[in-house]
Structure formats: structure tokens, C-alpha cells
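All remarks here apply to the structure that follows.
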Amino acid sequence: MAVIESLKFLDSSEISRHVNFLSFDRKEIQRGFEATFITGQNGSNKSTLLRELVAALTVDESSSVAYIANSNKEYNHVLCMSGSIADRFPLKESPGGTRSKFDVPEYAYIGQRVGPNILSKRAPLETMLSFALDSEKSTRYQSDFFRHAHEIVGIESLVEFYFQRRITKSDKPFDLIKILQKMASGVNTLKEAVDNKIGRKLTKLSQRTATYLLEEFTYDEFTELENLIHKGGSRLRVVIGEGGIDSVSCSPNALRLGLLTGAISLSDAKVKSLSESKPFSIFELSSGEYHMYTSLLGLGFGITESSIVLIDEPENSLHPQWQREFMQSVFTICEGILKNGHLVVCTHSPLIVGTAVEGSSIVELSKTESKISSVRFGASSDELLLSQFGVGSSRNNFVIDTVQRAVSLIERGDFKNIEFLKLIPELEKIRESLSIDDPLTEVINVILDDEANDIREI
């Protein structure tokens, strides 16, 4: 079990912060996992919080994470994704092409950032495929998330993926197991491990990743990959659909090994529209469609039963309706697979927070402290816009309803009614949230003016 209770870390100003992730008044969960939504204005260290959380969960830095009772403190599987290509999740690659301390098998990042100031549109798909090609995930192709990810972007759920070998037929043969064994023993780069072009063409791997690959794959799968690389010929073609994986060139595990080592890379993916039969490249999808597609498939194939899932600003590039659909799909995936983990979402969108299931915790960060509450059943986006984001307007249905209830009680002269007294702090909060020129400010001033206060004392 991996459920986060709190995190202590240094923020961007080197100030010590302590953030709780679970509301004390939340209801006991029935879905098997906890959900926490983190809100706050720009500059409230939401991105820093996520980065430090990854560090605390994977490489045990100065940040300190606390778990709830019975949580697994020895191993965490952390899966991160973002709606922004400028997110601040840790990178596995450092400047100069070396691997960072975050190149560990228990940390997965689904995004376009592959290095400092380097973006790759293929990277999210390659990461997703490194999950989907795992033979233990074969039953997930029949899950609703797979069909829905294709349906929502308007394409058939049958995709042709094309891969290219990064080693040419003329390159010297190599023993990949021997290379990884050297790296697992402490050799930091493939160039040091073997004296030929493999050192320049294959992705550099960390000691922990090399050890993981040696344990994860069989000798036969290593041999199959090596033979496949040096055989030459045309691009590798793999068809993936609701029936699973169809590949005549190699086994899915050998292809997965090729992606994880960098010996093989994705060159293209052909899809067909639900309305037209002519195939086109998946990279022609809009930014919102591509984000929706890669995120849902990456999450659906990537999470384990006890994953900690961190999502940063999923609303970026998404239409308001898609914001709701995305989060509803995320909850559906987690409810089907995540048996004892934790979902953490950082967002500026009340629509995203509005999808939170009852009992989810909401953390409101500020530059100095944080407040935490629990989501009640039926909370609307308008209500959350005011309560969690501090934004009100005369067009907000929750604001209008609150003011109208107050006016109705005043008209009845019922100033000592407990309901009216409870409305006073709500009205004051609404007034603070309104813009100066909002006409509703005057109405609230009348309700709360001194004369009204005098009448209440009669």
C-alpha cells in the first residue's frame, strides 16, 4: 500500500514547508485508493511540491514523506504526467546526455520533455508502449480506457506502429547483456562499456536501470533483440488493437527491451479516422487530442495496483468538456486497477476539482501555508470556484443562490435566524472575491451594512 500522509520539503525560497495530503474529516474510502487535489495561486509552489514529492518517493533526498499506517515504505511506483510541456517533473537525462539520479525503474514520466530544453513528441508514445508491450498487461487491451482513448479523439482502435533500429547492419556485433552487466557494476556510460558505435547510439542508462533490465528480461529476449537489430531491412511494423499485439518481426518483450535501452525508437504511428478510411500519422492530431490520447493510454497501461500517480495541470490544451471527460476517465482507470495507491492532481481548474469523487481531499496552497478540506457530495464547479479558488462573480450560480437566500431572509425580517447568521461569513467572502466594478458588491454591502446589523439586535 502506498498512500501519502504528508510531505516536508524546502520550497523555491528555501523555506521549510509541511503539507498534509489527507483531510481528517474525509470519509473512509471504498474505491481502494486515495485522491488529493492541490490548488493555489501562481507562485504557491505547487510544481515544487510535485518535484520534491517525486524525489522523496524515489531517490530519498532531503524531502521527507510520511505514509499512512500499513503503507509500503520500501518501494514506490511513481507515475507522472502533465498537461503542460513546460512542467517541472524531474528528468531522467542530465545536461550533456548523461543520466540523472532520477533514472530509476520505479519512476515513470509520460511527457514530451526528454532533456534540458529538448522536446520530443514521440517520447510519450514510446513511454506508453514500454508499458503496453509488457506481457503482464495483455488483458488491458480489452479495458474500457483503451477503447475510450481512441474514441474520444475520433480514431479507430487499431494502430500501426513503426519502429526503426538505431544500430545499422554494418556496426560491430555486441553483447548487450555484457554491456548492462558492466553498467550495473558501476560503469556509467555505454561508451566506457564497449568500444564501438553502440556507445554513441544507444541511450545511456543508470546503474539502477541496468540492474532492473537484467532482472526483467530473459537471455532469449536479449538474444532476439540483438539479432533483430543486426538483421537490417525495413522498418519494424507492429499492429496494436483491442485484440492485443500483432507482430511478426519480434516478440513484444524483445521490442519493449529495445525501447527501454534505446536500441529501437518509434518512427511513426498510422491511424484511421472514424469518419474516413484514409490513414494518417498520429502526430497530426491536435495538441489536445494528442495529450488526451497519450495520457489515458499511458496511465491505463502504466499504473500498478499500488502506484502513486501525480498529474500536473491536466486542463492545459483541453476544452472544458474534455477536462471533465479526462478526469472521469482517470478515475475509471484508477478504480479498475489502483487497488491501494494514491492519485494526486495539481490544478488551476475548478472543472477538474469539480470531478473529484466524494471523500477526496483538497489542499489549498499559499506562499506560506496550506489549508485542507474534504470534497462533499454534489459540490458544483461554481461553488469550488469560490471556495477553493477565491473567484466570485454575479454570473456564478452559487454566488447568486447565496445572495438570494440572504435577501429572502431579510425580506421576512428573520435576522436572528441561524441560517442567516451562517450566511454572513459566506457573504463577506463573496464580497472579497468580487471585482471592484461588480454590481453585486453593492447588494452585499446593503445586506451587511450597519443598519442591518442594528436591526438584527432588535
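In table form, for the structure just shown:
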| quantity | calculated |
| --- | --- |
| In region 222-238, the residues that are open to solvent by less than 30 Å² (accessible area, probe 1.4 Å) and touching a helix residue (DSSP H, G or I) at 6+ places or on another chain (Cβ under 9 Å) | 222, 225, 228, 229, 236, 238 |
| All positions within region 110-133 that are over 15 Å from residue 269 (Cβ atoms) and of a type in the set (Gly, Ala, Ser) | 111, 115 |
| Residues of region 113-140 that turn out to be more than 16 Å from residue 337 (Cα to Cα) and among the acidic types (Asp, Glu), as a count | 1 |
| Members of region 127-136 that are in a helix (DSSP H, G or I) and crowded, with 20+ Cβ neighbours inside 10 Å | 127, 128, 129, 131, 132 |
| Residue among 429, 367, 371 that alone is open to solvent by 80 Å² or more (accessible area, probe 1.4 Å), assigned to a helix (DSSP H, G or I) and modelled with pLDDT of 65 or more | 429 |
| Qualifying residue in region 319-326 (condition: of a type outside the set (D, E, K, R), modelled with pLDDT of 90 or more and closer than 30 Å to residue 99 by Cα) | no |
| Given (1) open to solvent by less than 60 Å² (accessible area, probe 1.4 Å); (2) out of contact with any Phe, Trp or Tyr (no Cβ under 9 Å at 6 or more places or on another chain); (3) modelled with pLDDT of 85 or more, number of the condition residue 101 does not satisfy | (1) |
| Residues located in region 230-258, provided they are over 21 Å from residue 132 (Cβ atoms) and either in contact (Cβ under 8 Å) with a residue 60 or more places away in the chain or of a type in the set (Asp, Glu) (or both) | 230, 231, 232 |
| Residue pairs meeting the criteria (Cβ under 8 Å; at least 6 apart or on separate chains; first under 13 Å from residue 153 (Cα atoms), in region 313-328; second open to solvent by 20 Å² or more (accessible area, probe 1.4 Å) and of a type in the set (A, V, I, L, M)) | 322/152; 325/152 |
| Qualifying strands (runs of 3 or more DSSP E) (wholly inside region 239-323; at least 2 residues being among the small types (Gly, Ala, Ser) and surrounded by fewer than 23 Cβ atoms within 10 Å (Cβ to Cβ)) | 264-272 |
| Residue that is modelled with the highest pLDDT, among those in region 137-176 that are among the aromatic types (Phe, Trp, Tyr), surrounded by 17 or more Cβ atoms within 10 Å (Cβ to Cβ) and within 25 Å of residue 222 (Cα to Cα) | 161 |
| Matching option when the condition is open to solvent by 30 Å² or more (accessible area, probe 1.4 Å) and either under 16 Å from residue 347 (Cβ atoms) or at pLDDT below 90 (or both), among 40, 32, 96 | 96 |
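The values are calculated or read from the model by the stated rules, or taken from the named source; none is laboratory data. Since the model is a prediction, treat every value here as computed from it, not as a measurement. Neighbour counts run over all protein chains shown; Cβ positions are idealised from the backbone, glycine included. Side chains are part of the model used for accessible areas, which takes the heavy atoms of the whole protein and leaves out ligands, DNA and RNA. Shrake-Rupley method; radii C 1.70, N 1.55, O 1.52, S 1.80 Å.
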